Amino acid sequence: MKKIISFLIVLATVFSCAVISKGQKETNGKNGINGIDGTNGKDITAGLSLNKKKETSFFIDSTMVRKHLYTLAADDMEGRKSGTVGIEKAAKYIETEFKRIGLTTFEGLETYRQTFSFAPRKGEEEITSANIIGVLEGKSKKDEYVIISAHYDHLGMKKKGKGDVIFNGANDDASGVTGVLALAAYFKKVGNERTIVFVAFTAEEMGLIGSTHFGKGIDAAKFVAGINLEMIGKVPSFGPNTAWLTGFDRSDFGKIIQKNLKGSGYQLFPDPYKNFNLFFRSDNASLARLGVPSHTFSTTAIDVDKDYHQVSDEAETLNMTVITQTIQAVAIGTESIINGKDTPTRVVLKELKN
Ligand SMILES: [Zn+2]
């Protein structure tokens, strides 16, 4: 999520003690696994009535969740800054997974890569990077698209300094990309009436550059919804089995998700950080500006998160149970949209003045 420090400091004083103490005590074991979330591959839907209610035979494999996260957040990815060797490694990993899952390429592309060049800032040297796009063609409604996205770039490495100089970006946003890969595997298994376009965007940290580029090349009217995942690795301020959604009042997308999650034990809340203007701070905004009901899911208490845009944003600080359960809740919550039963209202844009 694009830098928003100034507001963080203001709110941190307001929120800090309540959220951190509760979260820390419960989840922040040394290696991110303690008594609570040592799932090691077992089906962790137990206790969550997601399965019982929907009678579906799927589970999000937490072993794969862990593999995706730890691979993308590893030191050898060098913080995945757009235009660097590190992000190239991440791009290859995502492409390999898209192929393994069986996704096809996006219209007009021969590979999963949508490569383009841009100057990060005016007058700066041009760099070349790529959005990684995979498609699961729909059946009865294959001309209607739903996009599931996250950004795979992050801040790279500190130019100078001792000790840890790598911004691993585990929560921001390797956790989201992990969700995109897990949802691709899930919908490949259970099927989809509408076509799903899975995108790992580049250059989000440089100003939503990858998603803006993607938006220029599409017919936005064909896109009925956008599901963007950002920082889904920490226990939210609302407590376990919850997440929040940006732009809740800009379309009825959130209400449809809440309806589908009823009785599941998982709850979705409107984004509580109103002053941060978060709806415009991640890649959902590039689609929303084209009218697509495109929103971001997150679990992180962004007002007090001490690892945000720090070298300490490591996989070990994240909670595997939260990531896996959030991915499952997104799968269940969006099911009626993916299968054409529900169509969210188009986004009406009015920039919130801070
Ligand atoms: Zn981010």
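The values are calculated or read from the model by the stated rules, or taken from the named source; none is laboratory data. Remember, predicted model here, so these are calculated numbers, not experimental data. Note: ideal-geometry Cβ built from the backbone for every residue, glycine included; neighbour counts use all protein chains shown. Keep in mind that these areas ignore ligands, DNA and RNA; they rest on the heavy atoms of the full protein, side chains included. Shrake-Rupley method; radii C 1.70, N 1.55, O 1.52, S 1.80 Å.
Looking at E230, E205 in this structure, which one is under 30 Å from P120 (Cα atoms), open to solvent by 20 Å² or more (accessible area, probe 1.4 Å), within 16 Å of the ligand (Cβ to nearest atom) and in contact with a Ser or Thr (Cβ under 8 Å, 6 or more places away or on another chain)? Give the derivation first.
Values: E230 fails: open to solvent by 20 Å² or more (accessible area, probe 1.4 Å).
Exactly one residue qualifies, and that residue is E205.
Only one of these conditions is not met by V322: (1) away from the ligand (no atom under 15 Å from the Cβ); (2) within 30 Å of G163 (Cα to Cα); (3) of a type in the set (A, V, I, L, M); (4) more than 14 Å from the chain's Cα centre (by Cα). Which number is it?
(4)
Take L155 and decide whether it is of a type in the set (A, V, I, L, M) and open to solvent by 30 Å² or more (accessible area, probe 1.4 Å).
Working: of a type in the set (A, V, I, L, M): yes; open to solvent by 30 Å² or more (accessible area, probe 1.4 Å): yes.
Yes; evaluated as a whole, the condition is true for this residue.
Of the residues G169, G161, G176, only one is free of Cβ contacts under 8 Å to residues at least 60 places away in the same chain and open to solvent by less than 10 Å² (accessible area, probe 1.4 Å); which? If you could, list the steps in order and put the result at the bottom.
On the way: G169 fails: free of Cβ contacts under 8 Å to residues at least 60 places away in the same chain; G161 fails: open to solvent by less than 10 Å² (accessible area, probe 1.4 Å).
Of the residues listed, the single one that is free of Cβ contacts under 8 Å to residues at least 60 places away in the same chain and open to solvent by less than 10 Å² (accessible area, probe 1.4 Å) is G176.
Hey, can you tell me all the residues within the range 257-274 that are surrounded by 15 or more Cβ atoms within 10 Å (Cβ to Cβ) and in a helix (DSSP H, G or I)?
Listed by number, the residues that qualify are I257, Q258, N260, L261.
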